[in-house]
Amino acid sequence: MRQIFLKNNQYIYGMKKITLILLALAFAGPFAFAQEARRTMTMEEAVLGRGLTIQAPTWHWTGDKTVVALDEPSARPMRGVRPEPLAYTRDNNLYYRDAAGTEHAITAYQNPGIVCGTSVSRNEFGINGGIFVSPDSSKIAFYRKDERAVTLFPLLDITTRTGTLREIRYPMNGMASEHIALGVYDIAKGTTVWMDVTDFDDERYLTNITWGPGSDRIYIQVLDRPQKHVHLNVYDAADGKCLGTLLTEENDRWVEPQEPLVFLESDPDQFLYFTDNRDGYKNYYLCSASGKFAPKRLTDVDADCSYVTQRGRYVYYYSAEVSPVENHLFRVDLKTGKKQQLTREEGWHMCQVSPDGKYFMDTWTSLDEPRVMGWGTTDGKKFTELWRAPEPSPLLTSCKIEMGTVKSADGKYDNHYGLVYPLDFDPSKKYPVILYVYGGPHTQLIRDVYQGGMSRWDIYMAQHGYIVFTMDNRGTPNHGAEYEKAIHGQCGQAEMADQMEGMKWLMSHPWVDRDRIGVHGWSYGGFMTISLAVNYPDVFKVAVAGGPVIDWKWYEVMYGERYMDTEATNPEGFAKTSLIPRAKDLKAKLLICQGAIDDTVVWEHSLSFVESCIKNNVQVDYFPYPTHPHNVRGVDRVHLMDKVTMYFEDYL
């Protein structure tokens, strides 16, 4: 471990160990890299990254708030044992352990359809847990999920002697959903009160639970099931009574609360509120819990932002205002509203601010820069680079990668793409193309990170003579609400139109073999893969779809109803996007892969498409992964990507 600290306004740090490492690389590197340059990646390397991942130092702030410690990659400290939680769920009921180690039951439900203290709403709306301890640790708020009305879906477990059906609660679009309640357990009294939430109906969502700084109030963003209206309510934690509605949101397409409130350490009456519904971008608004003033747009920029931390009079946040593919650290003065950009180097920055608020640690990467670490002052006056990753293996750098933009189909936006050129690219030759697509909400594939976000498998395929192209389309994040909500009611339509603009641009180059174009994607990308194959049969020769959504009526309530509403309220949209009647239009060679115990996109989707192919006398290839859920992970993923690769090699 080495320490870097300020002395007479200069950074001092030990270099002996780093110097020895660099000298060793200087002598061994050229020979080792020459050896690597003679071969291409193996599939194991492409999938698992063995020997190819960046071994960067870790770091942490020390007891001295002006000191940061860097730990060499070969000498990282062992992580300590995690402390036992104050509260936890076991067998669907909630318990807590007191200071003496004695366990106390908070709930005692016997029905397996009632679950306490776990995440709800299938982890949508930023929900990632179900236990919320008050700031003074005197009370425990928790979710109670009543899913007794939710239909059961069977998953087949083949690892038992004769096979076993494991049933899960899966709330399908338009069908019965969960009923959520929020309880507050008072540790001293040993009693639970339930928040009196009466907004909308019983299938409402209770999201982004926030304790007030005084541990006496709880704030809930209550969302109706159609996801068109949100009420920010405050409740008395002692008796559960609703004390009022502070803010409301409504939108004809959808409202998606994603972050809890952040109360200011400097003023317990003021908090930060996050939404894209007021000015069209994910911004933070300064609000008063007592209603002293109307909400003020604090970040005040037509770009998506995300919270980092607060220190004194400043709030630190990331913003996409430089570019949707870059992530930069900013701070805003709570008193004056003045903003300041703290990171300057092009790329994607991830930062932490020191406890005293005087310094920040920055780790960033860009298209041609694997990783850099640096340390600066939060007034923006000084910055020093501390560590830069050595040159990566030629296995990763043998193919040219570029980033660029193509106009969206409506001409309003720049869609960002990544393009991997084949090994030893010759523009006088023609090459087959693989379009790798996701295209759905919440996932941005192309960023100004090392190699543009293109995967090692993309590079592997390029090393074997393919052009690999990936582009983010309307519906993906970090471009504002209008960009994201263009897909509402007709998932796949705007996305396909944008992807085809990308393909038109790509196919305009003489080095593209227009007769050998394939497409591959998983989950929403699987839905996009088959959608593109059946809608543009004269473009795509081969398609490989993993875990594909086939018809939105079979997808979950929370995600599916946000983007598609229900089949009853949007029959035209469901009819237009369903792939069941489009099986007859399939001309491409199509391989579908899916985990047989997929609890996200259930098996009913892909098997129903296969059945439709059978009824229409259309040939399709299918490969299940019997013991895997929605994604095939671990060593078995090598088999999956071998299967995908061989399919393209055989038919493209």
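The values are calculated or read from the model by the stated rules, or taken from the named source; none is laboratory data. Only a predicted model underlies this, so the values are computations on that prediction, with no experimental measurement involved. Here the Cβ is made from the backbone with ideal geometry for all residues, glycine too, and neighbour counts use every protein chain on show. When the accessible area is computed, the model is the full protein with side chains, heavy atoms only, and any ligands, DNA or RNA have been set aside. Shrake-Rupley method; radii C 1.70, N 1.55, O 1.52, S 1.80 Å.
Numerical summary
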{"quantity": "Filtered residue count, the stretch 521-578, keeping only those that are touching a residue at least 12 places away in the same chain (Cβ under 8 Å), over 24 Å from Glu203 (Cβ atoms) and aliphatic (A, V, I, L, M)", "calculated": "11"}
{"quantity": "Cβ pairs under 7 Å, 6+ apart, first in the stretch 387-404 and touching a residue at least 40 places away in the same chain (Cβ under 8 Å) and assigned to a loop (DSSP other than H, G, I, E, B), second open to solvent by 30 Å² or more (accessible area, probe 1.4 Å) and not hydrophobic (A, V, I, L, M, F, W, C)", "calculated": "Ala389/Arg371; Ser393/Glu36"}
{"quantity": "Residues located in the stretch 339-398, provided they are hydroxyl-bearing (Ser, Thr, Tyr) and open to solvent by less than 40 Å² (accessible area, probe 1.4 Å)", "calculated": "Thr343, Ser354, Tyr359, Thr363, Thr365, Ser366, Thr377, Thr378, Thr384, Ser393"}
{"quantity": "Any hit, the stretch 431-445, residues being more than 30 Å from Tyr559 (Cα to Cα), buried (at least 17 other Cβ atoms within 10 Å of the Cβ) and of a type in the set (Phe, Trp, Tyr)", "calculated": "yes"}
{"quantity": "Unique residue being open to solvent by 10 Å² or more (accessible area, probe 1.4 Å), in a helix (DSSP H, G or I) and touching a Pro at 6+ places or on another chain (Cβ under 8 Å) when the list is Ser612, Ser608", "calculated": "Ser612"}
{"quantity": "Enumeration of residues in the stretch 119-151 that are open to solvent by 40 Å² or more (accessible area, probe 1.4 Å), more than 17 Å from Ala188 (Cβ to Cβ) and part of a loop (DSSP other than H, G, I, E, B)", "calculated": "Gly126, Asn128, Arg148, Ala149, Thr151"}
{"quantity": "Subset of the stretch 446-459 that is open to solvent by 10 Å² or more (accessible area, probe 1.4 Å) and under 19 Å from Tyr647 (Cβ atoms) - its residue that is nearest to the chain's Cα centre (by Cα)", "calculated": "Ser455"}
{"quantity": "Test for Ala462: is it under 28 Å from Glu44 (Cβ atoms), of a type outside the set (Asp, Glu) and surrounded by fewer than 20 Cβ atoms within 10 Å (Cβ to Cβ)", "calculated": "no"}
{"quantity": "Among the candidates Gly129, Gly117, Gly113, Gly163, residue that is without any contact (Cβ under 8 Å) to a residue 12 or more places away in the chain, more than 21 Å from Asp224 (Cβ to Cβ) and in contact with a strand residue (DSSP E or B) (Cβ under 7 Å, 6 or more places away or on another chain)", "calculated": "Gly163"}
{"quantity": "Flag for Val301 being part of a strand (DSSP E or B) and out of contact with any Lys or Arg (no Cβ under 6 Å at 6 or more places or on another chain)", "calculated": "no"}
{"quantity": "Filter result for Thr470 (hydroxyl-bearing (Ser, Thr, Tyr), at pLDDT 95 or above and within 22 Å of Glu45 (Cβ to Cβ))", "calculated": "yes"}
{"quantity": "Members of the stretch 183-207 that are within 15 Å of Thr245 (Cα to Cα), touching a Gly at 6+ places or on another chain (Cβ under 9 Å) and of a type outside the set (A, V, I, L, M, F, W, C)", "calculated": "Asp196, Thr207"}
{"quantity": "Tabulated pairs, the stretch 428-455, first at pLDDT 95 or above and assigned to a helix (DSSP H, G or I), second among the acidic types (Asp, Glu) and open to solvent by 50 Å² or more (accessible area, probe 1.4 Å), C-beta under 8 angstrom, 6+ apart or interchain", "calculated": "Tyr450/Asp368"}
{"quantity": "The stretch 304-320, residues that are within 22 Å of Asp267 (Cα to Cα) and either without any contact (Cβ under 8 Å) to a residue 24 or more places away in the chain or assigned to a strand (DSSP E or B) (or both)", "calculated": "Ser306, Tyr307, Val308, Thr309, Gln310, Arg311, Tyr314, Val315, Tyr316, Tyr317"}
{"quantity": "Output for the stretch 355-370, where each listed residue is farther than 14 Å from Gly380 by Cα and of a type in the set (Ser, Thr, Tyr)", "calculated": "Thr363, Thr365, Ser366"}
{"quantity": "Residue in the stretch 408-416 that is touching a helix residue (DSSP H, G or I) at 6+ places or on another chain (Cβ under 7 Å), assigned to a strand (DSSP E or B) and open to solvent by less than 40 Å² (accessible area, probe 1.4 Å) present", "calculated": "yes"}
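For every residue, the table says whether it meets (1) touching a Leu at 6+ places or on another chain (Cβ under 6 Å); (2) touching a residue at least 40 places away in the same chain (Cβ under 8 Å); (3) not small (Gly, Ala, Ser).
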| site | (1), (2), (3) |
| --- | --- |
| Glu167 | yes, no, yes |
| Met175 | no, yes, yes |
| Lys189 | no, no, yes |
| Val193 | no, yes, yes |
| Asp196 | no, yes, yes |
